Amino acid sequence: TPWNGDEKYDDPRSPAQRNHDVLGSIVQAAARSADAPSLGGSAPTLVVTTTISDLDGGIVDVDGVDVAAPAHLAHRIVCTGAVQKMVFDRNGRIVRIGTRERLFNTHQRRAIATRDGGCVIPGCSIPAGWCEIHHVDEHSRGGETHTDNGVLLCWNHHHNLERSGWAIRMRDGVPLVKAPGWVDRRQIYRPIRTKRTEREKVRRRTAAAPPPRSVTAPLL
């Protein structure tokens, strides 16, 4: 029977990979904590540098790592942390320093977490506190840092979204998710299911149900 968004599907990851991805979610959540250690008054910062020509499909340099990394790493960092733009001239002189830009603030994150309840991918059980916020329309391509453009994704689904076959889009500020073809042959975008949305469905069904028929007891 066609998948309708309710049934479980087989997770292709091995148990070891699932454990690894859960650990990644925990580490990300711990790094966002207000109680996390700071350096010079700021959270420890991963510095990634690249050129304009390499930003799309090229490579980036990561501070402390000798091997170059793929540029999509920089795009993921944009979603999960903060960005500060620095421009160098050909001689290596700093010619412009931008302000540090925090992408989703605390109030936005709390609102998105309340709406989504956790990772929006069906079947994923990672809670909201362990999730990252993903720009549905990429920030680097003009996507706004707004609750209408942010959804919760766990570490695994966020870092592998482009390769996983899952797709997300927004409709009037509500996330819709499309499963890969091997899960849903019909390729339909479906609203996410949370405890809040399920309670609302029950409330609507109850309100629409006809009142119970009164039964008159027979006279003895």
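Remarks
- On inspection, Gly143 does not qualify as in contact (Cβ under 8 Å) with a residue 40 or more places away in the chain, among the small types (Gly, Ala, Ser) and in a loop (DSSP other than H, G, I, E, B).
- Going through (1) at pLDDT 90 or above; (2) not assigned by TED's automatic domain parsing to the domain that holds Gly123 one by one, Val136 falls short only on (2).
- Some residue of segment 24-31 being out of contact with any Leu (no Cβ under 9 Å at 6 or more places or on another chain), at pLDDT below 70 and part of a loop (DSSP other than H, G, I, E, B): no
- Output for segment 152-174, where each listed residue is touching a residue at least 60 places away in the same chain (Cβ under 8 Å) and either more than 13 Å from Pro122 (Cα to Cα) or in a strand (DSSP E or B) (or both): Trp155, Asn156, His158, His159, Glu162
- When segment 121-167 is filtered for residues that are of a type in the set (Val, Ile, Thr) and either closer than 17 Å to Gln108 by Cβ or surrounded by fewer than 18 Cβ atoms within 10 Å (Cβ to Cβ) (or both), the ones remaining, listed by number, are Ile133, Val136, Thr145, Thr147, Val151.
- Scope segment 139-179; condition in contact with a Lys or Arg (Cβ under 8 Å, 6 or more places away or on another chain), modelled with pLDDT under 90 and of a type in the set (Lys, Arg); matching residues: none
- Single condition Asn105 does not satisfy, out of (1) surrounded by 14 or more Cβ atoms within 10 Å (Cβ to Cβ); (2) over 25 Å from Ala16 (Cα atoms): (1)
The values are calculated or read from the model by the stated rules, or taken from the named source; none is laboratory data. Since this is a predicted model, take the numbers as computed values, not measurements. A quick note on method: Cβ atoms are made from the backbone with ideal geometry, for glycine too, and the neighbour counts reach across all protein chains shown.
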